[in-house]
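Heads up: the structure comes next, in structure tokens.
The values are calculated or read from the model by the stated rules, or taken from the named source; none is laboratory data. Because the structure is a prediction, the values reported are computed rather than measured. Here the Cβ positions follow ideal geometry from the backbone for every residue, glycine too, while neighbour counts run over all protein chains shown.
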Amino acid sequence: MPADHLIEADTALARLLALARPTATEDVAIAEAGGRRLAADVTARLTQPPADLSAMDGYALRFEDLPGPLRIVGESAAGHPWHGVLQPGEAVRIFTGAHVPAGADTVAVQEDAERVADSVAFPREGPPGPGAHIRRRGIDFAEDAPLARRGDRIGPARLGLLAAAGLPTLPVHRRPHVMLLSTGDELVAPGTLPGPGQIVGSNGLMLAALLRAAGADVTDLGLVPDSRAALADAIRASAGADILVTIGGASVGDHDLVKPVLEALGARIDFWKIAIRPGKPLMAGTLGDMPVMGLPGNPVSAYVCARIFLLPLLRHMAGDPSPEEQPRMARLETGVAENGLRRDYMRAIVTQRDDGLTVRPAGAQDSSLLSVLARANALLIRPARAEAAPAGTSVPVMLLETPD
Ligand code: AMP
Ligand code: MG
């Protein structure tokens, strides 16, 4: 495809994902596995619950012996089972999570009990039937049962499940290591006051935070002047990373050196003009085996391009089998104008209502406006050539990080 051909965002994303493979797999201690993706299917090492357990504080007994009185012959607490065999006319004091003793078929709750010394009776309401308030062995999962599949994300609940199932380590994909560099002679470090002709190079911090929140290990190589030698040094310093991201200097101006320097270092570069707004030409390619993305320097363009291209690439490399994001639908609160030839990702505010999501543009849409991006919580997607849409129209949105 000619380098200056305008391509659709979906085509660009597919081409980008095709440049990279998931990272190597490793076994990590389960305490370190949260947030990763499984690299293999996982089965239970044990049965849960391991025995019939009481679901309540009360008395273990034989249902046919009710209403009693019954003789209390022992106690079973969580971690301290009673080892006898319950006989007709007997009850065992029992607590939540404790083993139900052999011979008992029911747990009666303590609120229904009338206890006098070593005798207990249930003169009013008792358990509804035999088996009441017992969690049977294996109702959660049995040894060797499949619990999670390759590609599944280990979120908090799944982490709890796999820990309960006795797994000491989990096979996961290595966390992708992203190295970032920002380039531009006008940039000064965040926290520093710019001199004449300078601005704060804020994109590196912003994208590092975005990538870390998405599960990457990030090294920010910092601010690099618009000089071939300095850029070449910084790019060489990225050796060993899983993804290299450059910010700025990716257009075709005299000071846009990222592409020629990468090529001089042996990178294979695709340079795409993508039919989206915001977003200037985006660079994608490989340096050795490492995918390289060149993001535009305009802060909103950098954020949006990272959101729609870099995060799916990261998820793909982290082992997500479907890294593309499916937009949600929301109803327009105000009409929006017709759209031109590029798919537009408008900064927008989505509100949750009783009957679903609604959305309105967050303000002016210039791609330098960080104030508008920071108060937006969504991107409102306007397809290429979309007609003007009145209030009430259902439109696709991508939810962003929630502003505080
Ligand atoms: P460029 O892509 O280098 O042509 O930059 C486009 C615009 O984004 C220019 O106004 C730059 O000053 C600005 N810019 C470039 N890099 C950054 C950065 N790291 N942080 C904030 N603004 C930047
Ligand atoms: Mg520049």
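Structure summary
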read-out	value
Selection count, the range 61-117, where residues are of a type outside the set (A, V, I, L, M, F, W, C) and assigned to a strand (DSSP E or B)	11
Pick from the range 137-188, criterion of a type in the set (A, V, I, L, M) and within 16 Å of ligand 2 (Cβ to nearest atom), ranking: surrounded by the fewest Cβ atoms within 10 Å (Cβ to Cβ)	VAL188
Residue in the range 282-291 that is under 30 Å from VAL397 (Cα atoms), under 26 Å from the mean Cα position of the chain (by Cα), part of a helix (DSSP H, G or I) and more than 16 Å from ligand 1 (Cβ to nearest atom) present	no
Pick from the range 370-404, criterion in contact (Cβ under 8 Å) with a residue 60 or more places away in the chain and in contact with a Pro (Cβ under 8 Å, 6 or more places away or on another chain), ranking: surrounded by the most Cβ atoms within 10 Å (Cβ to Cβ)	VAL397
Among the candidates GLY294, GLY249, residue that is outside any loop (DSSP other than H, G, I, E, B), farther than 18 Å from ASP366 by Cα and either among the acidic types (Asp, Glu) or within 16 Å of ligand 1 (Cβ to nearest atom) (or both)	GLY294
Matching residues in the range 320-360 - criterion: being of a type outside the set (A, V, I, L, M), in contact with a Leu (Cβ under 9 Å, 6 or more places away or on another chain) and part of a loop (DSSP other than H, G, I, E, B)	ASP320, PRO323, GLU324, GLU325, PRO327, ARG342
GLY166, sole failed condition from (1) in a loop (DSSP other than H, G, I, E, B); (2) within 10 Å of ligand 1 (Cβ to nearest atom)	(2)
In the range 259-270, residue nearest to ligand 2 (Cβ to nearest atom) [restricted to those that are in a loop (DSSP other than H, G, I, E, B) and surrounded by fewer than 17 Cβ atoms within 10 Å (Cβ to Cβ)]	LEU265
Members of the range 223-253 that are within 11 Å of ligand 2 (Cβ to nearest atom), of a type in the set (A, V, I, L, M) and under 17 Å from LEU310 (Cβ atoms)	ILE247, ALA250
Boolean, GLU186 is of a type in the set (Asp, Glu), farther than 20 Å from VAL304 by Cα and more than 16 Å from ligand 1 (Cβ to nearest atom)	no
Matching option when the condition is of a type outside the set (Val, Ile, Thr) and surrounded by fewer than 19 Cβ atoms within 10 Å (Cβ to Cβ), among PRO101, PRO50	PRO50
Top-ranked residue of the range 200-209 - restricted to ones that are away from ligand 2 (no atom under 16 Å from the Cβ) and free of Cβ contacts under 8 Å to residues at least 24 places away in the same chain, ranked as nearest to the chain's Cα centre (by Cα)	ALA209
Condition check for ASP256: acidic (Asp, Glu), surrounded by fewer than 22 Cβ atoms within 10 Å (Cβ to Cβ) and within 11 Å of ligand 2 (Cβ to nearest atom)	yes
PRO281 vs. criteria surrounded by 17 or more Cβ atoms within 10 Å (Cβ to Cβ), away from ligand 2 (no atom under 16 Å from the Cβ) and not aromatic (Phe, Trp, Tyr)	no
Qualifying positions in the range 301-319 - in a helix (DSSP H, G or I), touching a residue at least 40 places away in the same chain (Cβ under 8 Å), among the hydrophobic types (A, V, I, L, M, F, W, C) and surrounded by 22 or more Cβ atoms within 10 Å (Cβ to Cβ)	ALA302, VAL304, ALA306, ILE308, PHE309, LEU310, LEU313, LEU314, MET317
For GLY294: the one exception among (1) within 16 Å of ASN203 (Cα to Cα); (2) in contact (Cβ under 8 Å) with a residue 60 or more places away in the chain	(2)
Residues of the range 344-369 satisfying the condition of being touching a Ser or Thr at 6+ places or on another chain (Cβ under 9 Å), polar (S, T, N, Q) and surrounded by fewer than 18 Cβ atoms within 10 Å (Cβ to Cβ)	THR351, GLN352, SER368
Per-region count, the range 19-70, residues among the hydroxyl-bearing types (Ser, Thr, Tyr) and at pLDDT below 95	0
Some residue of the range 323-339 being crowded, with 19+ Cβ neighbours inside 10 Å and without any contact (Cβ under 8 Å) to a residue 40 or more places away in the chain	no
Residue in the range 271-278 that is under 30 Å from PRO383 (Cβ atoms), modelled with pLDDT of 95 or more, away from ligand 1 (no atom under 15 Å from the Cβ) and buried (at least 20 other Cβ atoms within 10 Å of the Cβ) present	no
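A quick yes/no check of all residues on (1) more than 10 Å from ligand 1 (Cβ to nearest atom); (2) in contact (Cβ under 8 Å) with a residue 60 or more places away in the chain:
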| site | (1), (2) |
| --- | --- |
| GLN198 | no, no |
| ALA213 | yes, yes |
| ASP217 | yes, no |
| GLY266 | yes, no |
